[in-house]
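Here's the structure, in structure tokens; my notes come after.
The values are calculated or read from the model by the stated rules, or taken from the named source; none is laboratory data. If you're wondering where the values come from, they're calculated on a predicted model, not measured in any experiment. Heads up, the Cβs are rebuilt from the backbone with ideal geometry, glycines too, and the neighbour counts pull from every protein chain shown. Remember, those area values only see protein heavy atoms, side chains included, never the ligands or the DNA or RNA. Shrake-Rupley method; radii C 1.70, N 1.55, O 1.52, S 1.80 Å.
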Amino acid sequence: MDASTISEPLVTDREALQEFIDSLWEYAPTIERDVAHLRKHPKEHAVVGKLFRTLHNIKGDAALCRVEVAVAIVHPMESVLVRVRNGDLPFTNAIADAILLTIDRLELAVERLSSEQTLAGLQLQLLIEGLEKLAAATPSGLDACVAEVIEAVTGKRPVAVMAPAAKRSLGNASRSQTADDLLFFLTLANQFEMRSPRFAGRTMRILRLALETNQMAGNPIDPVQLEAAIYMHDVGMMFLPESVWLRASALTSAEQRIMRAHPEYAAGLLSRMEGWAAAAAMVAQHHETPFGKGYPGGLTGEQICPGAKVLAIVDAFEAVMLKHTERGRQRSLLRAIAEVNACDQQFAPEWIEPFNQVIRRAAESR
């Protein structure tokens, strides 16, 4: 399949597509369990064989249901598992990450096809090309190959190949578990984005701004915790009525009160997962303001964690950019910068200058 066919596939039988989606939802939990098992017991050949057969069945169902883009996604990953099954490659955490990324993108792709949305933003061509390289990789080149495909598809380096300082920041959580958690958080963020074309690409834009602002200030915030908070900060909205959070027009007072519950929902999810307490605090506090006018706790100044302060700035910047997109990209940028800098009581002043430096650098590179 060529790139245009992958990004804009033709659906000829919607009933067959739904049948494939139903079968994929049944297969996905099995794959996740088998991958988790193989992370701990990578030499259990019976489980490798079972995992291969599951992927083979998914590809077969996709072919029968004429979902050709799914066949194209699964085929190179199936080829990787053939080599693992034959003993040519070891089952590693890198391969586990590649499998989970493949299933994640496959689920997103068919869900978008079902709702008649474009697949252009999923980077499926890059995924397929990267998996084809992985299928031909040497054992010593596995980690680098997987890192390349994950970065190409998601825009971020996987935790397993982070710089040593970033790895040390993970504390007691295992790197593989942290990588799994981050991929799970990213999946939830992608689900949120899919609810409206207005949200397309916002997660990665906010992530780049936040990480660069933190880096400009010398990385006082744990980058991994900040990344998790970026993915999760708006996920709580999906617990609210869609008639409220998907509306582009102004909300009533009652609807605003409903909206104010979303940080605590998402923070609650994070706080129940081991190792993400700092990210949970960032999510819970990202609508607090230095002078106590925010929500949900009415916190002030140093009561608000630095990660929440950065998240508040970049989230507001993205919102203003969205509001003014019809004015043209450059004018939107100037307007968003002006509005953020004018809100001296809404944002932490110590983070405005690092943020401004990042934005100025981005504007100069255009």
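One table, with the values for the structure above:
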{"quantity": "Cα gyration tensor shape of segment 1-67, rounded if a/c is under 1.5, else prolate or oblate by comparing a/b with b/c", "calculated": "prolate"}
{"quantity": "Segment 64-131, accessible area per residue, ligands and nucleic acids excluded (1.4 Å, Å²)", "calculated": "34 Å²"}
{"quantity": "Globularity index of segment 1-118, i.e. its alpha-carbon radius of gyration over 2.2 N^0.38 Å", "calculated": "1.07"}
{"quantity": "Efficiency of FRET from Cβ geometry, residue 136 and residue 357, R₀ 30 Å, rounded to 0.05", "calculated": "0.10"}
{"quantity": "Cβ-Cβ FRET estimate between residue 53 and residue 260, R0 fixed at 56 Å, reported to 0.05", "calculated": "0.70"}
